[in-house]
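The values are calculated or read from the model by the stated rules, or taken from the named source; none is laboratory data. Quantities reported herein were computed from a predicted structural model and do not represent experimental measurements. For neighbour counting, all protein chains shown are included, and Cβ atoms are generated from backbone atoms with ideal geometry for every residue, glycine included.
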Amino acid sequence: AQSVSQHNHHVILSEAASLELGCNYSYGGTVNLFWYVQYPGQHLQLLLKYFSGDPLVKGIKGFEAEFIKSKFSFNLRKPSVQWSDTAEYFCAVTILYNFNKFYFGSGTKLNVKP
Amino acid sequence: KAGVTQTPRYLIKTRGQQVTLSCSPISGHRSVSWYQQTPGQGLQFLFEYFSETQRNKGNFPGRFSGRQFSNSRSEMNVSTLELGDSALYLCASSLDRTSGRNEQFFGPGTRLTVL
């Protein structure tokens with residue numbers, strides 16, 4: 001079975017600090033990659049996605065992620081976090097021949113201190 | 001366009017009972033997936049329906065079942081509830097593009113508490 005690992009379960013940062021959340025997946029073939037965010041009390045929403053092309057993907061709210069195929073990674077970054085970025089972040093993967101089944105990581109809770 | 005809607009939003013049941021949750025996808029979306037979300041476990045995939053057929057299935061016991069109707073609306077059922085079934089149940093819909101470039105849109109979830 002495919003797996004998605006998010007090694008940071010809980011991250012605490014001060015405002016203006018830089019953020020990098022790790023995401024690794026196990027599938028060796030073609031993948032689609034996603035980062036979703038769940039703000040307190042809100043729906044899961046898509047932050048950014050990678051299907052093909054430029055491995056550096058920009059999303060909403062200043063987030064970006066880099067796909068490194070050789071490392072099976074898709075890490076999420078933001079140069080300067082804000083208190084409003086406090087949320088839970090989920091990495092997800094779909095694989096070739098079954099782009100309808102999403103494999104999610106266990107999530108990373110980010111707390112940004114004002 | 002209206003988003004994914006789920007009903008009810010909150011549900012309290014007792015052990016041994018059964019429950020049915022409902023999901024209406026975004027108009028035009030024919031793929032509907034269900035997830036169980038619990039603290040520390042992330043999103044556990046239950047199943048995915050497309051054109052009234054279960055196309056993908058996760059590793060949940062047979063007590064968890066689902067179906068999809070011709071209008072793409074979906075229901076999931078949990079029979080003989082256990083305390084461990086307490087969770088947020090999320091529904092997500094997608095367009096099911098032949099290119100494979102699918103993204104899922106999530107509903108607000110149904111919070112199920114089993115006492």
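For the residues A:Gly22, A:Gly29, A:Gly41, A:Gly105, the requirement of being under 10 Å from the mean Cα position of the chain (by Cα), at pLDDT below 95 and not hydrophobic (A, V, I, L, M, F, W, C) singles out A:Gly105. Exactly one residue among B:Thr20, B:Thr80, B:Thr14 is on the phi > 0 side of the Ramachandran plot and more than 12 Å from every other protein chain (Cβ to nearest Cβ), and that residue is B:Thr80. Restricting attention to segment B:41-65, the residues that are basic (Lys, Arg) and over 16 Å from B:Gln104 (Cα atoms) add up to 2. Residue by residue through segment B:1-13, note down the ones that are touching a strand residue (DSSP E or B) at 6+ places or on another chain (Cβ under 7 Å) and part of a loop (DSSP other than H, G, I, E, B). B:Gly3, B:Val4, B:Pro8, B:Arg9, listed by residue number. The strands (runs of 3 or more DSSP E) found wholly in segment A:14-85 and carrying at least 2 residues that are loosely packed, with under 15 Cβ neighbours inside 10 Å occupy A:56-58.
Put simply, of B:Gln104, B:Gln68 the only residue that is buried (at least 16 other Cβ atoms within 10 Å of the Cβ) and touching a residue at least 60 places away in the same chain (Cβ under 8 Å) is B:Gln104. Picking from residues in segment A:94-114 that are among the aliphatic types (A, V, I, L, M) and part of a strand (DSSP E or B), the one that is farthest from the other protein chains (Cβ to nearest Cβ) is A:Val112.
The set of residues from segment B:73-107 being of a type in the set (A, V, I, L, M, F, W, C), at pLDDT 95 or above and in a loop (DSSP other than H, G, I, E, B) comprises just one member, B:Leu81. Go through the residues of segment A:87-102 one by one and say whether even a single one is at pLDDT 95 or above and either over 16 Å from A:Val4 (Cα atoms) or in contact with a helix residue (DSSP H, G or I) (Cβ under 9 Å, 6 or more places away or on another chain) (or both). Within segment A:87-102 (the criterion being at pLDDT 95 or above and either over 16 Å from A:Val4 (Cα atoms) or in contact with a helix residue (DSSP H, G or I) (Cβ under 9 Å, 6 or more places away or on another chain) (or both)), the answer is yes, since at least one residue qualifies. Restricting attention to segment B:27-58, the residues that are in a loop (DSSP other than H, G, I, E, B), of a type outside the set (S, T, N, Q), within 12 Å of chain A (Cβ to nearest Cβ) and more than 20 Å from B:Glu82 (Cβ to Cβ) add up to 2.
Could you tell me whether any residue of segment A:70-86 is touching a helix residue (DSSP H, G or I) at 6+ places or on another chain (Cβ under 7 Å), of a type outside the set (Asp, Glu) and closer than 17 Å to A:Asn8 by Cα? Within segment A:70-86, one or more residues are touching a helix residue (DSSP H, G or I) at 6+ places or on another chain (Cβ under 7 Å), of a type outside the set (Asp, Glu) and closer than 17 Å to A:Asn8 by Cα.
Filtered by the rule that a residue be at the interface with another protein chain (Cβ under 10 Å from one of its Cβ atoms) and without any contact (Cβ under 8 Å) to a residue 60 or more places away in the chain, segment A:74-93 gives a lone residue, A:Glu88.
Of the residues making up segment B:60-72, just one is in a strand (DSSP E or B) and either at pLDDT below 95 or within 14 Å of chain A (Cβ to nearest Cβ) (or both), namely B:Gln68.
Of note, B:Gln44 satisfies the criterion of being without any contact (Cβ under 8 Å) to a residue 40 or more places away in the chain, surrounded by 15 or more Cβ atoms within 10 Å (Cβ to Cβ) and of a type outside the set (Gly, Ala, Ser).
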